[in-house]
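In what follows, a structure is listed as structure tokens, so that the remarks can point back to it.
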Amino acid sequence: MLRYTLKRALSLGLSLVVASLVIFFVIEVVPGDPASFMLGLNAQPDTIAALRSELGLDVSKLERYLAWVGGMLQGDFGTSYTYRTPVTEMIGDRIWVSLPLALYALTLSTLIAFPAGVYAASRRGKPGDMAVMGATQLGIAVPNFWFAMMLVLIFAINLRWFSAGGFAGWDKGAAAAMKSLTLPAIALALPQSAILARVMRSALLDVLGEDFMRTARAKGLTRRQALMRHGLRNAMIPVLTIIGMQFSFLLAGAIIIEQVFFLPGLGRLIFQSISARDLIVVESVVMLLVFLVILVTFLVDLAYAAVDPRLKSRT
Amino acid sequence: MSLLSVQNLSLSIGPVPILKDVTFSIAPGEIVAVTGESGSGKSMTALAVMQLLPDSAQTTGHIMLRDEELTAQSEKSLCAMRGNCIGMVFQEPMTALNPLHTIGQQVVETIRMHAVMPKAEAEAEAAAMLTRVGLPQDRFPLSRYPHELSGGQRQRVVIAMAIARRPRLLIADEPTTALDVTTQAKILDLLKDLVAEYDMGLLMITHDLAVVADMADRIVVMRKGEVVEQGDTHHLLANMKHPYTKALFEASGHQVDLPNAEDGNAAILSVRNAVRDYALPRTKLFAPRAYHRAVKGVSFDIHHGERVGLVGESGCGKSTLTRAILGLEPLQDGSITAFGAPVGPDMPAASRIKTQVVFQDPYSSFNPRHRVARILTEPFHLVDTPPKGEALTQIISDVLTDVGLQPPDAQKYIHEFSGGQRQRIAIARALITKPELIIFDEAVSALDVSIRAQILDLIAALSRRHNLAYLFISHDLSVVRSVTDRVLVMQNGEIVEQGETETVFTSPKHPYTQTLINAAPLLPDLAALTSQTETSHDSA
């Protein structure tokens with residue numbers, strides 16, 4: 001297990017180095033000089049030059065890359081060109097919206113998908129299965145911002161249980177903050193749970209056809225016991241893969257939902273920074289997201305090994 | 001009173017009748033073998049006794065275990081009986097165990113399912129049971145996972161699970177079909193010992209008549225869901241009444257009429273010191289790769305018109321060698337020459353086309369979306385000017401007739417044919433380019449005995465008609481004995497013995513060959529049995 005973990009950790013480190021190089025150089029070749037953009041069309045060349053040196057844009061690319069990576073390792077993401085505030089601070093505010101939102105949505109999606117998938121699989125071909133499959137079909141087809149608007153209409157405007165948008169902030173207490181994340185989390189979770197429920201169902205159906213499920217029944221286990229003790233864990237491998245991918249998506253892909261609910265999250269920050277050519281913010285946020293995604297992949301790999309003993313001995 | 005008594009059991013799944021009026025019984029300590037070809041309903045009979053039938057199954061009749069009617073039990077009491085009063089062993093040991101649980105957990109599960117006892121006590125019992133079935137704790141602790149065990153060892157775990165609660169009835173559904181002969185012999189011995197030790201009844205489902213004759217006290221012969229004949233093993237073998245039973249035994253011991261081999265022909269295939277290595281996964285990042293040598297310097301020749309057998313157990317390297325002969329994998333050392341050209345990617349098509357192959361599985365070795373005509377003519381891509389139009393139609397008709405099919409079959413799709421017919425198509429595909437050497441890679445292993453006998457006859461007839469040479473690879477010694485002139489015995493990547501087939505079988509020299517031949521179950525000599533019964537009858 002230790003060797004497996006170390007190998008996965010090594011690949012995590014290497015992926016981060018490659019990702020940082022790609023992000024840095026791709027963003028470097030994007031046209032548009034931040035200094036001339038900030039100063040407008042009529043700026044004097046010497047003013048632009050002065051600003052460029054102030055922003056640290058006048059040294060070689062390699063030096064800037066090393067400075068950027070070195071800074072990040074110490075927790076310093078540089079200073080935003082447009083807002084003139086440390087990027088660390090900007091990210092710090094927003095990650096405490098995006099990260100809890102993603103986790104909240106993922107938890108909800110898993111809580112909905114697991115029972116729905118297990119229920120549908122255990123009633124294959126019967127009306128219960130068809131109802132769940134129909135609902136998931138709908139969940140996948142309908143875009144999440146439409147759900148978001150419906151939720152606002154029902155729970156914020158008609159019932160007045162939640163506010164229609166905005167973020168209460170963690171300083172008002174966890175309950176208030178979580179409450180303002182509830183509707184966005186539900187809107188994000190519904191389509192994801194529909195996908196996850198379908199994966200769960202088909203993974204379980206595959207496992208139900210396995211010989212060892214028949215062995216379990218021959219030992220005297222009831223259908224339910226066989227499903228719970230031998231089916232679920234074997235079905236976890238494909239389900240874990242999807243959960244890992246969904247977390248990445250929820251973290252970076254919540255941008256539309258953040259717009260609908262006026263949430264100050266990472267998605268909005270990245271959108272604004274791209275429009276303002278604030279390269280240092282874009283680079284840093286993308287790098288942070290990449291780091292989180294790779295970290296999740298790493299955790300999913302560890303989860304595979306915890307679930308499946310064959311992986312440990314193979315490596 | 002009998003332990004298990006099945007009376008007038010009929011079963012249908014939806015509108016399809018599966019079993020018709022099946023009646024038989026098993027006494028404690030008795031081994032009853034249910035035998036028949038695929039589709040005879042023997043496995044369904046076993047599942048009916050376990051009451052583990054598909055939901056859509058409808059049954060009538062009685063299944064009594066002692067004085068309890070199994071068909072009338074609630075699901076709850078059936079669960080209490082399964083694993084406790086009735087144990088079951090399955091065919092595929094590679095998939096019958098949950099890969100994520102240790103072998104200890106899986107045996108303990110059976111025990112604790114039916115008895116309230118502390119975990120430690122159940123573990124001690126599981127350890128004792130695993131030791132009893134031949135998996136001693138010092139080498140196979142409870143913490144082992146199934147993937148760390150071989151097929152035979154896994155089957156022992158399955159047996160330990162099935163008998164952990166000392167059930168009165170054990171059902172074994174083709175328990176050794178997936179195993180090598182030497183492993184099969186050991187598992188069968190174990191089952192016999194356990195039956196005697198625990199005074200269990202054993203319901204054994206198997207298609208292998210040699211195993212049946214060797215193991216069973218009584219035989220039940222089934223065909224298409226019906227029992228056609230049953231009785232005490234010796235009596236039934238000596239006085240077979242039903243034509244199907246006779247046909248079944250005849251087909252099992254089928255001897256083909258092989259034309260005499262000619263001597264002094266030129267070698268068409270020469271394998272010289274062939275070595276094939278497989279790279280193993282790296283264990284350390286910068287350490288040199290380790291290799292597994294699957295074929296260790298093998299040499300042999302096949303001469304024009306010669307029929308050679310290659311036998312050995314799984315993992316001995318026979319499939320690897322076959323792939324190398326076909327040029328599908330490169331050699332690391334040594335050489336293979338066929339028809340004067342070295343086998344490899346640069347082999348001239350004119351030499352390559354003279355070797356063709358027939359694979360094991362007639363169900364998965366064809367593209368289901370192609371018609372037979374297209375499947376048959378695929379080898380022509382090796383020819384510069386492939387036949388066209390009328391000439392091609394004529395060739396297809398000829399080759400189909402040659403293997404016992406009809407010319408109109410060329411327009412059908414592969415799913416319209418049975419397993420035996422598909423294997424005929426596979427042979428037709430191999431024959432169409434008029435090869436001089438055909439590789440039969442376990443070509444009859446997936447077939448029922450009666451179909452197998454027909455295909456073996458076909459192979460012998462074709463070899464006579466076209467003066468074909470072939471390499472017949474099989475784990476089934478009796479088949480190899482009947483269709484080859486010379487045999488190669490392979491073990492751990494080496495050919496340990498080779499020689500005239502009859503000589504090798506009657507006086508094997510290498511200890512491994514002796515082990516193999518002794519382990520293979522033999523059909524009893526029916527003529528001897530019959531006369532024996534008659535003599536005893538006369539004297540009585």
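Taking 37 °C and 0.692 mPa s as the conditions, I'd like the Stokes-Einstein D for the stretch B:78-235 in µm²/s, using the Kirkwood hydrodynamic radius from alpha carbon pairs. Walk me through the numbers before you get to the answer.
Working: Rh = 16.2 Å.
Approximately 202 µm²/s, per Stokes-Einstein.
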Cβ density ranking, 10 Å radius, fewest first, applied to A:Phe212, A:Phe249 yields A:Phe249, A:Phe212
Residue of A:Leu99, A:Leu51, A:Leu288 that the Gaussian network model of chain A assigns the largest fluctuation, springs spanning Cα pairs under 10 Å:
A:Leu51
Return an integer: the convex hull volume of the alpha-carbon atoms of the stretch B:180-219, in Å³ per residue.
68
If you take the Cα atoms of the stretch A:98-247, find Rg, then find the Kirkwood Rh from the mean of 1/r over all pairs, what is Rg/Rh?
1.08
So if a site counts as exposed when it's one of the chymotrypsin sites (Phe, Trp or Tyr not before Pro), its DSSP state isn't H, G, I, E or B, and it has at most 16 other Cβ atoms within 10 Å, what's the longest stretch of chain B without one?
B:1-285
With -39,500 (n - 2.57) per DSSP H segment of 4 or more residues and division by the full residue count of chain A, the 222 nm estimate, nearest 500 deg cm²/dmol, is -25000 deg cm²/dmol
Checking the a/c ratio against 1.5 first, then a/b against b/c, what shape does the Cα gyration tensor give for chain B?
prolate
Defining a contact as two alpha carbons under 8 Å apart and six or more residues distant in sequence, what relative contact order in percent does the stretch B:19-83 show?
22
Using θ = phi - 60° and the Karplus curve 6.51 cos²θ - 1.76 cosθ + 1.60, what whole-Hz ³J(HN,Hα) does each residue of the stretch A:72-83 get, with Gly and Pro shown as x?
4, 4, 8, x, 10, 8, x, 10, 5, 5, 7, 8
Using every alpha carbon pair in the stretch B:318-409, what percent of pairs falls into each 10 Å bin from 0 up to the bin containing the largest distance?
13, 37, 34, 15, 1
Can you list the HN-Hα couplings for the stretch A:95-112, worked out from phi with the Karplus curve (6.51, -1.76, 1.60; θ = phi - 60°), rounded to whole Hz and with x for Gly and Pro?
5, 6, 9, 5, 5, x, 5, 4, 5, 4, 5, 5, 4, 4, 4, 5, 5, 7
Restricting to lysines and to Cα separations under 28 Å from A:Lys7, and discarding same-chain partners fewer than 8 apart, the set is A:Lys312, B:Lys284
In nm, to one decimal, how far is the B:Ser450 label point from the A:Tyr83 one, both placed 7 Å along Cα→Cβ?
8.3
List A:Arg198, B:Arg307 from most exposed to least, where exposure is judged by having the fewest other Cβ atoms within 10 Å.
A:Arg198, B:Arg307
Over the Cα atoms of the stretch B:15-122, what Rg and Dmax result, in angstrom?
16.2, 50
Rg and Dmax of the stretch A:216-269, using alpha carbons, in Å: what are they?
19.5, 58
After finding the eigenvalues of the alpha carbon gyration tensor for the stretch A:1-117, what semi-axes result from the square roots of 5 times each, listed largest first in whole Å?
38, 21, 13
What are the residues whose amide H is under 5 Å from the amide H of B:Met117, where those residues sit 5 or more places off or on another chain and H is modelled from the backbone?
none
Using the 10 angstrom Cβ neighbour count as an exposure proxy, how do B:Leu190, A:Leu21, A:Leu101 rank, fewest first?
A:Leu21, B:Leu190, A:Leu101
Mean shadow area of the stretch B:209-367, taken as a quarter of the surface of its Cα convex hull (nm²)
16.4
Divide, for chain A, the radius of gyration over alpha carbons by 2.2 N^0.38 Å, where N is the residue count.
1.22
Taking N as the residue count of the stretch B:410-493, its alpha carbon Rg divided by 2.2 N^0.38 Å gives 1.14
Quick one: net charge around B:Lys296, please, counting Lys, Arg +1 and Asp, Glu -1 for every other residue with C-beta under 12 Å from its C-beta.
-1
Would the stretch B:122-204 count as rounded, prolate or oblate if I go by the C-alpha gyration tensor, calling it rounded below 1.5 in a/c and otherwise prolate when a/b exceeds b/c, oblate otherwise?
oblate
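Holding the Cα-Cα limit at 29 Å, pick out from B:Lys318/B:Lys509; B:Lys354/B:Lys509; B:Lys354/B:Lys412; B:Lys241/B:Lys509; B:Lys296/B:Lys354 the pairs that are longer than that.
Cα-Cα > 29 Å for B:Lys354/B:Lys509; B:Lys241/B:Lys509; rest within.
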Using alpha carbons only, how many degrees (0 to 90, rounded to 10) separate the axis of helix B:419-431 from the longest principal axis of chain B?
20
Note down the relative contact order for chain B as a percent, whole number, built from C-alpha pairs under 8 angstrom at least six residues apart.
15
Cα atoms only, the stretch B:462-528: Rg and Dmax in Å?
13.3, 40
Restricting to the protein assembly as shown, what percent of DSSP beta bridges are antiparallel, rounded to 5?
55
At the level of C-alpha centres, the distance separating the stretch B:217-246 and the stretch B:151-204, in angstrom, is 23
Under 4 °C and 1.567 mPa s, how fast does the protein assembly as shown diffuse according to Stokes-Einstein, given a Kirkwood radius computed over C-alpha pairs? Answer in µm²/s, whole number.
39
Could you sort out which of B:Lys388/B:Lys434; A:Lys219/B:Lys119; B:Lys224/B:Lys246; B:Lys186/B:Lys246 sit more than 19 Å apart by Cα distance in this structure?
B:Lys186/B:Lys246
Loop only by DSSP, 14 or fewer other Cβ within 10 Å of the Cβ. Give me the trypsin sites (Lys or Arg not before Pro) in the stretch B:34-85 that pass, ordered by residue number.
B:Arg66
Over all viewing directions the Cα convex hull of the stretch A:63-182 casts an average projected area in nm² of 12.1
Checked the stretch B:164-231 with the C-alpha gyration tensor, a ≥ b ≥ c its square-rooted eigenvalues, rounded below a/c of 1.5, otherwise prolate if a/b is larger than b/c and oblate if not; verdict oblate
Residues whose modelled amide H sits under 5 Å from the amide H of B:Gln332, counting only those 5 or more places away in sequence or on another chain, are B:Val275, B:Arg276, B:Asp277
To check you understand DSSP bridge types, tell me what percent of the beta bridges within chain B (both residues inside) are antiparallel, rounded to 5.
55
Rounded to whole Hz and in sequence order, give me ³J(HN,Hα) for the stretch B:197-213 from the Karplus expression 6.51 cos²θ - 1.76 cosθ + 1.60, θ = phi - 60°, writing x for Gly and Pro.
5, 9, 6, 7, x, 10, 9, 10, 9, 7, 9, 8, 5, 5, 5, 4, 4
Would you pull out the residues with amide H under 5 Å of B:Val496's amide H, same chain only if 5 or more places away, H placed 1.01 Å from N?
B:Val489, B:Met490, B:Gln491
With N residues in the stretch A:170-246, what two-decimal value do you get for its Cα radius of gyration over 2.2 N^0.38 Å?
1.57
The stretch A:37-84 and the stretch B:418-448 have their Cα centres apart by a whole-number Å value of 73
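Laboratory data are not the source of any read-out in this text; all were calculated from the coordinates shown. As the structure is a prediction and not an experimental result, all values here were calculated from the model. For neighbour counting, all protein chains shown are included, and Cβ atoms are generated from backbone atoms with ideal geometry for every residue, glycine included.
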